[in-house]
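Take a look at the structure below.
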Ligand SMILES: Nc1ncnc2c1ncn2[C@@H]1O[C@H](COP(=O)(O)OP(=O)(O)OP(=O)(O)O)[C@@H](O)[C@H]1O
Ligand SMILES: [Mg+2]
């Protein structure tokens, strides 16, 4: 028997299968209690109900501004949640394929990906690729995704293609993350139509807020016209440098304006986060002791705690 206080704030007991990575993560971050329980070991209906509530939560990670940390957040947040014994799917909606490479999968040799389910009508299950983390799956970006925006133009209900394609997967995963390209084209619109909520990584720099109003206008338009269930937008501050006045000013301004929609957890600028993709690994497999890994584990905990 094993007793543990979970991140949700109540305790449960049961026989547990312990995932060594999750165990290590929880040792580093004592508050990350939820990580060590396998879902099939929930001991009562109330626990199952909490779990069921999380089924199929779809989060679009969007910002039309380039290089703000969308992919770094998509890869490392999904990996951190998967290390917490939750089933996660990351869908690489960006033809650049950075989330695909970041998880150690080569877009040039990948056989099936998002293109095939958006354009080719392949069943979404067939496009799923496994990753180094057992609970994290990927629908990758193959090179032909670059043509998808143009090919979709003449299709009927083109804004709903991703939503329809992944409908069958919502019951299979606790969280589905959509890594968007740096544009507000059809791929991003498809992600906003498929999502329940939008997570905006905001880089702590001078022009950070400029593009935000344009993004929020697009999100509102998507909510009005395509996806009434789309919830408000959450913001996570990325590449934060506490020694830099500008980072603090941006933080103050964003928090004053967006209040509780801004995650308390801030992602610092951390060189290990920028190194990890070249090894095809999320940060928790590359350097779990780094500040970058700890911040994404904390973000994962805060996200789950918010639900
Ligand atoms: N917290 C961080 N600390 C240090 N480097 C970071 C951090 N977050 C991201 N980077 C680096 O900054 C660059 C841009 O990050 P990333 O690719 O995640 O941004 P993006 O918004 O997905 O970019 P794009 O708009 O091109 O898709 C990458 O080289 C990444 O490794
Ligand atoms: Mg990216």
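The values are calculated or read from the model by the stated rules, or taken from the named source; none is laboratory data. Nothing here was measured: the structure is a model prediction, and the numbers come from that model. Cβ coordinates were reconstructed from backbone atoms using ideal geometry, including for glycine residues, and neighbour counts include every protein chain displayed.
Numerical summary
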item	result
Residue match in region 38-48 (condition: modelled with pLDDT under 65, surrounded by fewer than 21 Cβ atoms within 10 Å (Cβ to Cβ), within 22 Å of residue 296 (Cα to Cα) and away from ligand 2 (no atom under 16 Å from the Cβ))	yes
Residue within region 147-159 that is under 26 Å from residue 82 (Cβ atoms), touching a residue at least 24 places away in the same chain (Cβ under 8 Å) and either out of contact with any strand residue (DSSP E or B) (no Cβ under 8 Å at 6 or more places or on another chain) or in the same structural domain as residue 300 (by TED's automatic domain parsing) (or both) present	no
Subset of region 172-191 that is more than 19 Å from residue 143 (Cα to Cα) and within 16 Å of ligand 2 (Cβ to nearest atom) - its residue that is modelled with the highest pLDDT	177
Options 85, 149, 125, 156; residue that is more than 28 Å from residue 234 (Cα to Cα) and modelled with pLDDT under 95	156
Failed item, numbered, when residue 224 is tested on (1) within 23 Å of residue 273 (Cβ to Cβ); (2) not in a strand (DSSP E or B)	(1)
Unmet requirement for residue 280, which otherwise passes all of (1) farther than 28 Å from residue 134 by Cβ; (2) within 16 Å of ligand 2 (Cβ to nearest atom)	(1)
Positions within region 121-144 being closer than 24 Å to residue 87 by Cβ and in a helix (DSSP H, G or I), in sequence order	124, 125, 126, 127
Residue in region 54-64 that is near ligand 1 (Cβ under 10 Å from one of its atoms), more than 15 Å from residue 138 (Cβ to Cβ), at pLDDT below 95 and surrounded by fewer than 23 Cβ atoms within 10 Å (Cβ to Cβ) present	yes
